[in-house]
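The values are calculated or read from the model by the stated rules, or taken from the named source; none is laboratory data. Keep in mind it's a predicted model, so treat the numbers as computed, not measured. Here the Cβ positions follow ideal geometry from the backbone for every residue, glycine too, while neighbour counts run over all protein chains shown. Protein only, heavy atoms only, side chains kept; ligands, DNA and RNA dropped before computing areas. Shrake-Rupley method; radii C 1.70, N 1.55, O 1.52, S 1.80 Å.
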Amino acid sequence: MQWFFSLTLLGFLLLFPPLASATGLEFYQGLLTKIMVYALAASSLNLILGYGGMVSFGHAAYFGLGAYTVAILMREGVTSAWVIWAVAVGLSALLALLIGVISLRTRGVYFIMITLAFAQMIYYLVVSFKQYGGEDGRRARRPEFGLFELNDTTLYYLTLGVLLAALYLMHRLVHSRFGRVLQAIRENESRALALGYPVFRFQLVAFVLAGAAAGLAGVLMAHYTQYVSPSLLAWQQSGHLMMMVILGGVGQFWGGVLGAAVLSLVEEVLQDLTIHWQLGVGVILLFIVLFAPQGLAGLLRRKV
């Protein structure tokens, strides 16, 4: 049943661009592209939050760094997408390594506050770069891929392909020995230490992988919007990603994807209905937390 649903959904996503072009629904193609970008970012957060028990409130730092790398390198004359992607993912992974080495030595609320502090430091650093737009942000042109032009349709398929590849790798990771040890550390860190597992090393590797994936999502977001601003690195963006994970299901593999899809669609609908749309989003999130603590993915699993 799940395989049938997955294949049907994949077929719909593959066929949607020509259908949207034929029916004049190109707006929804762009909306689906944005959802897929957020699905990648939320899934990367779910890797450390849901499977590793690391409540990071600074995940937007890697997301925003990936996006800003595109804008900065394009401004400096680097137009090759392959170079830009490699640099963006590498810088995001390096930043996650530096933050992880320090923050993973703490626990609980201290870990949350340190990750938030680092993210805010990166935020204010970007704001201070007046040559790159400062508080106003700047334009981020789409780079050259060589084999094809990166228009809206090719970006849609590129984002879909990246998301599917990332989800496949994450699935293999969380169901591997590494993933099982990571979940064991989440459940009982002291027992994992007693069994001889290098807890810090496992957590740091997961932290770096999540940061790299979030940076890649930031690259795709810059391609989608063709504009970057400091809001991509703000703590509100980290909270937005965390809301997606909670809504979809913390520790549920499809939690990031479901949360990104539902939250993005709800926001889109409520923004057209009222200026107080944040209140509606808050009420929906409250109901999910109270009546479906495992999120939408857990709710669907119980019904299937």
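Values for this structure:
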item	result
Label-point gap, in nm, between residue 113 and residue 83 - each point 7 angstrom along Cα→Cβ	4.4 nm
Of [x] 58, 48, 41; [y] 71, 45, 38; [z] 57, 55, 38, the label for Cα extents along the principal axes in Å derived from the coordinates	[x]
Accessible area of the chain divided out per residue, in Å², using a probe of 1.4 angstrom	50 Å²
Cut-off 14 Å between beta-carbons: net charge of the residues surrounding residue 70, Lys and Arg +1, Asp and Glu -1	+3
Relative contact order of region 54-161, defined on C-alpha pairs under 8 angstrom at six or more residues apart (%)	37 percent
Pair residue 105, residue 9: separation of 7 Å Cα→Cβ label points (nm)	4.1 nm
Net charge over other residues, Cβ less than 14 angstrom from the Cβ of residue 189 (K, R count +1; D, E count -1)	+4
All-pairs alpha carbon distance profile, region 103-203, 5 Å steps from 0, percent	2, 9, 10, 11, 11, 15, 15, 12, 9, 4, 1
Part-to-part distance (alpha-carbon centres) for region 14-71 and region 227-304, which is given in Å	13 Å
Region 96-226: relative contact order in percent, alpha carbon pairs under 8 Å with at least 6 residues between	38 percent
Mean separation of Cα contacts under 8 Å (6+ apart) over length of the chain, as relative contact order %	33 percent
Accessible surface of region 92-207 [probe 1.4 Å, protein heavy atoms]: carbon and sulfur percent	61 percent
Nearest-0.05 FRET efficiency for residue 141 and residue 189, computed from C-beta distance (R0 45 Å)	0.50
Most positive-pole-ward Cα, 236, 113, 125, against dipole of the chain from beta carbon charges	113
Net length gained if the chain between residue 76 and residue 278 were fully extended (0.36 nm per residue, minus Cα distance)	68.9 nm
Alpha carbon convex hull of region 45-132, projected area averaged over orientations, nm²	5.9 nm²
P(r) weight above 13 Å for region 96-150, C-alpha pairs, percent	70 percent
Low-density loop positions, GluC sites (Glu not before Pro), region 130-159 - DSSP coil, at most 14 other Cβ in 10 Å	149
